[in-house]
Amino acid sequence: MEQLDLLMQGFAGALTPVNLLWVVVGCLLGTAVGVLPGLGSSMAVALLLPMTFALDPTAAFILFAGVYFGGLFGDSTMAILLNTPGQASAIASTFEGHRMANAGRAPQALATAAIGAFIGGMVASVLVVFVSPTLVALSSAFGPPEYFALALFAFIATSSVVADNVLKGLAALVLGIGITLIGIDGVSGLPRFTLGSPQLFDGISLVTVTVAVLALGEVLFVASRVRRDREDLRVRAGGGRPFLSRKELVEAAPAWGRGTVIGLPFGVIPAGGAEVPTFLAYEAERRLDRRRKEPKFGKGAIRGLAAPEAAGNATTGMAMGALLALGLPVSATAAIMLAAFRQYGLQPGPLLFENNAELVWALLASFFLAMVVLLVINLPFAQLWAKLLLIPKPYLYGGITLFCGLGIWAVSGAVFDLVLLLAIGVLGFLMRRYDYPVAPLMIGMVLGPLAESSLRDALLSSVGDPRVLVSSPITIVIYVLLLGVVALSVRNAVRARTRRDL
């Protein structure tokens with residue numbers, strides 16, 4: 001009851017005309033930035049940081065929260081319509097969401113994403129209000145061995161997300177991990193795989209790889225098939241209702257629930273932000289779909305879009321709770337917001353709830369308002385967004401290429417990164433041409449540094465004794481689950497080969 005009273009006080013502060021205005025502005029800015037490839041919510045918050053010092057701290061963080069959640073909506077919009085997600089957290093939404101758009105169901109796909117994000121974000125916000133005191137105990141149980149086990153689980157579990165050929169999935173995963181090894185070694189201080197180029201000492205940015213492989217690679221692949229696909233110069237935008245039918249709601253509802261459950265724990269565990277749970281949610285629905293008499297995955301399955309969207313926003317909502325209650329940033333945007341707190345002389349953690357309760361509870365109340373505002377912004381205008389697909393492909397993909405270059409230039413301001421963008425874009429084209437999945441590559445990029453640093457820290461703390469990697473109940477449980485996943489994958493592969501032989 002005490003937390004409900006505090007939340008009501010927070011709503012009183014967040015619903016003032018000025019703060020409500022900043023909620024709307026943040027949601028609009030986040031959605032607009034998320035629509036542009038390469039310009040994610042983390043960059044939007046970073047750019048807004050020096051501009052908000054004139055604002056009251058409460059208004060500033062309400063604005064940041066709106067940008068944070070709005071960026072996810074914008075990323076999903078472009079992932080579904082154009083197969084060009086702005087951030088890695090929207091990759092899983094492209095697999096079935098873009099197929100729905102190409103099948104003329106773009107408004108329904110956008111509505112599915114909007115409702116899923118609303119459900120995941122609202123459930124996470126409710127949990128943050130009531131379970132913030134227990135977040136410390138949950139997160140503090142994870143050390144380097146647990147993080148390494150979690151990363152290894154994600155590697156194996158997602159290496160076959162979109163690959164029927166496991167070897168191709170593993171090859172893409174190894175390629176992604178290999179890219180993360182480029183740069184200065186954090187322990188020895190020596191350059192690794194830089195070919196003597198000083199521009200590679202800082203490594204290759206995940207933003208560059210994401211934009212190059214997913215957006216520019218798609219552009220090059222489409223361009224290579226222009227003559228072959230001459231009869232389809234326009235992508236079908238679809239028409240009709242921007243809302244879901246009763247049948248579609250019934251089909252999507254279980255996936256929204258499962259995605260939310262999968263995404264919630266990852267908001268507390270620093271394992272790459274929303275990328276991992278979105279892939280896991282997609283894979284869970286894909287495996288369930290195989291048991292149906294008429295599998296729909298690969299043809300625009302609504303469950304394959306509903307689950308990742310709910311998982312992504314559930315993770316984001318819980319990540320904000322972890323930031324406030326623990327001072328633990330589990331994503332790039334949360335890390336920038338942590339820096340913003342420190343700029344205002346505030347330190348997130350248990351004491352923040354005691355010393356700055358008015359700010360904290362107004363910010364928590366703004367999460368609920370942001371979810372409602374984003375649903376109002378995105379759901380009724382889903383059909384309008386879908387009209388983007390009526391643009392002829394040459395102009396559409398020419399514009400995507402331009403925004404890819406502008407996005408990378410805005411992030412780095414270096415010509416070398418534009419050359420790198422083109423080179424990795426060619427790699428993305430070749431992966432599509434020879435049917436190599438891009439999802440494992442992204443997972444390798446996201447979790448590669450976490451796996452390496454966790455493995456090193458664990459071995460250093462144990463003076464090289466590898467038994468430390470299985471020294472806790474949590475790691476044992478994770479490895480047992482991993483063995484179960486591998487056994488299930490082998491069984492499915494054997495069954496599929498048996499059916500082909502028959």
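The values are calculated or read from the model by the stated rules, or taken from the named source; none is laboratory data. Here the structure is a predicted model, which is why all the values come from computation and not from measurement. For neighbour counting, all protein chains shown are included, and Cβ atoms are generated from backbone atoms with ideal geometry for every residue, glycine included. Just the protein is used for accessible areas: all its heavy atoms, side chains included, with ligands, DNA and RNA removed. Shrake-Rupley method; radii C 1.70, N 1.55, O 1.52, S 1.80 Å.
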Excluding residues fewer than 8 places away in the same chain, name every one of the lysines whose C-alpha is closer than 24 Å to that of LYS247. LYS293, LYS296, LYS299
For LYS393, LYS296, write out the residues from largest to smallest accessible area, computed with a 1.4 angstrom probe and no ligands counted. LYS296, LYS393
How big is the accessible area of TYR436 in square angstrom, nearest 10, if you roll a 1.4 angstrom probe over the protein chains? 90
Counting only other residues whose beta carbon sits under 12 Å from that of ALA117, what net charge do I get with K and R as +1, D and E as -1? -2
Among 468-474, 440-446, 257-263, what's the highest-first ranking by average C-beta atoms within 10 angstrom per residue? 440-446, 257-263, 468-474
Positive minus negative residues near PRO449 (Lys, Arg vs Asp, Glu; Cβ under 14 Å): -3
Can you give the extra length, in nm with one decimal, that the chain gains between LEU55 and THR194 once fully stretched, where that is 0.36 nm per residue apart less the Cα-Cα distance? 45.7 nm
Compare the peptides 11-24, 202-215 by average per-residue count of other Cβ atoms within 10 angstrom and give them in order, highest first. 202-215, 11-24
With all protein chains present and a 1.4 Å probe, the order of ARG497, ARG192, ARG225, ARG491 from largest accessible area down is ARG497, ARG491, ARG225, ARG192
